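Before any comments, here is the structure.
The values are calculated or read from the model by the stated rules, or taken from the named source; none is laboratory data. Keep in mind that this is a model prediction, so the values were computed, not measured. Counting neighbours? That spans all protein chains shown, and the Cβs are built from the backbone with ideal geometry, glycine included.
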Amino acid sequence: MQILSVYFKHQPGGFTKRLYQVLAALAQNNHTVHYVAVRPYPLTLPGIEAHILPLPFRERENPLFWILFTVLAPIYCAWIARTHKIKSAVVFSSFYAFICAPAVVLADVKLVTFLRADVLREARFEQKPKLKMLVHRVLEWWGLKFSKRVIANSQTLADAVSKRCRHVSPVVLPNHIDVSFAGDRDQRVSQRRRYDLTDAEFTVATASPLNRVKNIDFLIKAFALAQLRPARLLIIGEDVKKTGERQRLEQLTAALTLQGQVVFTGWLQQPQHLIAACDLFVFPSYQEGSPNALLEALACRIPCLGSRIPEIAEILHYDDLMFDLGSPYQLAEKIKKSAADADFRKHLTKLVRLREKVYSFDWETAAVKLITT
């Protein structure tokens, strides 16, 4: 089967990780994938063909880039669909579903849309202008209107979308845990040595793109309140969109006199190797879809704590693995207890292993089936 996909260009993060997994799985199942982008993806497999839309400002997008992309990409996708006799399209947001709408109408393409996060909720949280909110709302409605199948990565997201778009009944396919990963003692030693971590230092890690929604400042404040000595906090991730968030977090670190204790590692291609070398993983996000970083931490089989929001509660389930976002004091106490009480750490690890089993399944096979049937 000839299959179309579109995403503007490679960006590090869980979004493209899942997109590439789907495209690779489709190619490995003898389908031909045609993707539209402004730059080639770092994905070179037989059965995957790039169609590059040459636009100005693609190195650093600005409003004019997005206007041109939103106008020209739908036309280009429809042309690719007709030229290559595309039967299905798979995209990873309602915006890209909107981009594929002309292909659906003009080339009779079956459109499957994966939803990774609640874009409207994020826009409200970030206090985006009302006009931008309206544009998001219109694009979501029309993009999903043209989708034959909508796949959400959490029940919370599925419920929110179906409430706004009553013509949509999303299927839920949560993210999964990569069971092929297994850390070992030698790897733990080498990773800790790489970041100058001594055996005596209780090491807390988090991993995510650096933006306000991820709420990393909450974790830094809780870490300061815990007053652990010796201890380190590793922040794995980068300010991909250049919003100034990393600088803000570094300034907070300095204000709390945590220089040397808080380490910004930058983006890591395989963060689970470092996470597995830590003693505790904390995920303090305000809102999520089905966070890959948290699932990777479960695969590392170390104690994990996450904010008590619906999407994370779906994954962690147990109250002991969660904390409230009203104040950093509760998280600080759980961090302190994790460092001081070996039995509590064992208890958290046992709960983590139970949740790991729930999310250990063949995600690629399930995704391909939903796309092709």
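At a glance:
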{"read-out": "Considering residues of region 326-373 that are within 30 Å of His31 (Cα to Cα) and free of Cβ contacts under 8 Å to residues at least 60 places away in the same chain only, the residue surrounded by the most Cβ atoms within 10 Å (Cβ to Cβ)", "value": "Val358"}
{"read-out": "Sole residue being in contact with an Asp or Glu (Cβ under 9 Å, 6 or more places away or on another chain) and in contact (Cβ under 8 Å) with a residue 24 or more places away in the chain, chosen from His34, His51", "value": "His34"}
{"read-out": "Top-ranked residue of region 15-67 - restricted to ones that are of a type in the set (D, E, K, R) and either outside the structural domain of Asn153 (by TED's automatic domain parsing) or not in a loop (DSSP other than H, G, I, E, B) (or both), ranked as farthest from Leu115 (Cα to Cα)", "value": "Glu49"}
{"read-out": "Residue count for region 264-277, restricted to those that are buried (at least 18 other Cβ atoms within 10 Å of the Cβ) and either within 17 Å of the chain's Cα centre (by Cα) or modelled with pLDDT of 95 or more (or both)", "value": "3"}
{"read-out": "Residue ID - nearest to Pro12 (Cα to Cα), chosen from residues in region 228-250 that are in contact with a Ser or Thr (Cβ under 9 Å, 6 or more places away or on another chain) and not charged (D, E, K, R)", "value": "Gly237"}
{"read-out": "Whichever residue in region 183-233 is acidic (Asp, Glu) and over 27 Å from Ala123 (Cα atoms) and, among such residues, is surrounded by the most Cβ atoms within 10 Å (Cβ to Cβ)", "value": "Glu201"}
{"read-out": "Qualifying positions in region 82-98 - in contact (Cβ under 8 Å) with a residue 40 or more places away in the chain, in a helix (DSSP H, G or I) and more than 24 Å from Glu364 (Cβ to Cβ)", "value": "Phe98"}
{"read-out": "Residue selected from region 15-44 under the condition touching a helix residue (DSSP H, G or I) at 6+ places or on another chain (Cβ under 6 Å) and surrounded by fewer than 19 Cβ atoms within 10 Å (Cβ to Cβ), by the criterion nearest to Phe69 (Cα to Cα)", "value": "Leu43"}
{"read-out": "Qualifying positions in region 99-141 - among the aromatic types (Phe, Trp, Tyr) and either under 17 Å from Thr70 (Cα atoms) or without any contact (Cβ under 8 Å) to a residue 12 or more places away in the chain (or both)", "value": "Trp141"}
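Residues are listed down the side, and each one gets a yes or a no for (1) out of contact with any Ser or Thr (no Cβ under 7 Å at 6 or more places or on another chain); (2) part of a loop (DSSP other than H, G, I, E, B); (3) at pLDDT 95 or above:
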position: Leu294; (1), (2), (3): yes, no, no
position: Gly306; (1), (2), (3): yes, no, yes
position: Glu311; (1), (2), (3): no, no, no
position: Asp320; (1), (2), (3): yes, no, yes
position: Tyr329; (1), (2), (3): yes, no, yes
position: Ala332; (1), (2), (3): yes, no, yes
